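Have a look at the structure below before the remarks.
The values are calculated or read from the model by the stated rules, or taken from the named source; none is laboratory data. Computed from a predicted structure; not experimentally measured. Cβ atoms come from the backbone with ideal geometry, glycine included; neighbour counts cover every protein chain shown. Side chains included, ligands, DNA and RNA excluded: accessible areas come from the protein's heavy atoms. Shrake-Rupley method; radii C 1.70, N 1.55, O 1.52, S 1.80 Å.
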Amino acid sequence: VVPSAFTRGRCGMIDFENNIVTGTTIGDTWRQALWLCYKNGFEYEINSAKNGQEFGSYIGQKRIQLPFFMGRIKMPWVRPLSPIMPPNYPPPTDDDKIADYFAEYLMNPVLKPNELYRYSSWVAPQVDTMIRHLIDSNGKTNQATISVGDTTCADMQDPPCLRLISFKAIDGTLRTSVFFRSWDLVAGFPENLGGIQLLKEYVLEFVNDGLKEKGVEPLRDAELFTYSDGLHIYDHYIDVIKSLMPEERED
């Protein structure tokens, strides 16, 4: 099937030429991204080595990967944050797991014995600073950006996939952009973005408390923008993804 340049779904739009998805919620944006990656992705064999030693996850497997991707979620706060699936299709996550992900892997930097890092190793120590930047500037700052990782990550066996979370106050709204160097579309995308939306809501609550004390109008929740140059579907998910394709289903 050769896709047209643009395909409108029930709740969003896919630009196949530029690998851009626009959706209303996290769930419908995820579904549009699945279809885009399945149609436009190239076959990628996972094979990484450093100093003669294999590194990375799923070495030897194949996956479908997009060389670049942008997703725009217009209303990421809509509940449930997790995708609503057709009958007999297990969901990739749920709102309880998303809440745990936010609490443990974005806000709790304490490592378990077998962990080298969590995203929260870098995210949690920077959140209060981001809130302060937004309050002190009345939202007029380009500095409210959380960097994930440091110079030691270059030699890690599995360096962090999430690398950037940026907050921008525009026209009285708080928008967030995220970048993933590599991104599991099926199992990672909805849970990651659900957790990041909870992080945005957390930041927004404290920023608005600070702005209120200054007599400044509060910010409203707004869009979530996603970027990746390694969005992918592992081969063991392909049959499930094919069964979810809009041309294969009637509901």
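Among the residues of the range 139-153, which ones are free of Cβ contacts under 8 Å to residues at least 12 places away in the same chain and in a loop (DSSP other than H, G, I, E, B)? Result: Gln143, single match. Among the residues of the range 197-211, write down those that are hydrophobic (A, V, I, L, M, F, W, C) and more than 13 Å from Val127 (Cβ to Cβ). Listed by number, the list holds a single entry, Leu211. Taking the criterion of being in a loop (DSSP other than H, G, I, E, B) and touching a Lys or Arg at 6+ places or on another chain (Cβ under 7 Å), the residues of the range 87-130 that qualify are Pro109, Leu111.
Mind checking which residues of the range 95-138 are open to solvent by less than 40 Å² (accessible area, probe 1.4 Å), of a type outside the set (Phe, Trp, Tyr) and in contact (Cβ under 8 Å) with a residue 40 or more places away in the chain? Scanning the range 95-138 gives Ile98, Leu106, Val123, Val127, Met130, Ile131, Leu134, Ile135.
Restricting attention to the range 8-59 and to residues that are of a type in the set (D, E, K, R) and at pLDDT 95 or above, the residue that is least open to solvent (accessible area, probe 1.4 Å) turns out to be Asp15. Note on the range 192-223: among residues that are open to solvent by 30 Å² or more (accessible area, probe 1.4 Å) and in a strand (DSSP E or B), the one that is farthest from Val78 (Cα to Cα) is Arg220. Go through the residues of the range 155-175 one by one and say whether even a single one is assigned to a helix (DSSP H, G or I), surrounded by fewer than 19 Cβ atoms within 10 Å (Cβ to Cβ) and touching a residue at least 12 places away in the same chain (Cβ under 8 Å). Yes, some residue in the range 155-175 is assigned to a helix (DSSP H, G or I), surrounded by fewer than 19 Cβ atoms within 10 Å (Cβ to Cβ) and touching a residue at least 12 places away in the same chain (Cβ under 8 Å). Checking each residue in the range 91-107 for being among the basic types (Lys, Arg) and either in contact with a strand residue (DSSP E or B) (Cβ under 6 Å, 6 or more places away or on another chain) or over 16 Å from Arg118 (Cβ atoms) (or both) picks out no residue at all. Of everything listed in (1) over 22 Å from Pro83 (Cα atoms); (2) part of a loop (DSSP other than H, G, I, E, B); (3) open to solvent by 20 Å² or more (accessible area, probe 1.4 Å), the single unmet condition for Ala187 is (1).
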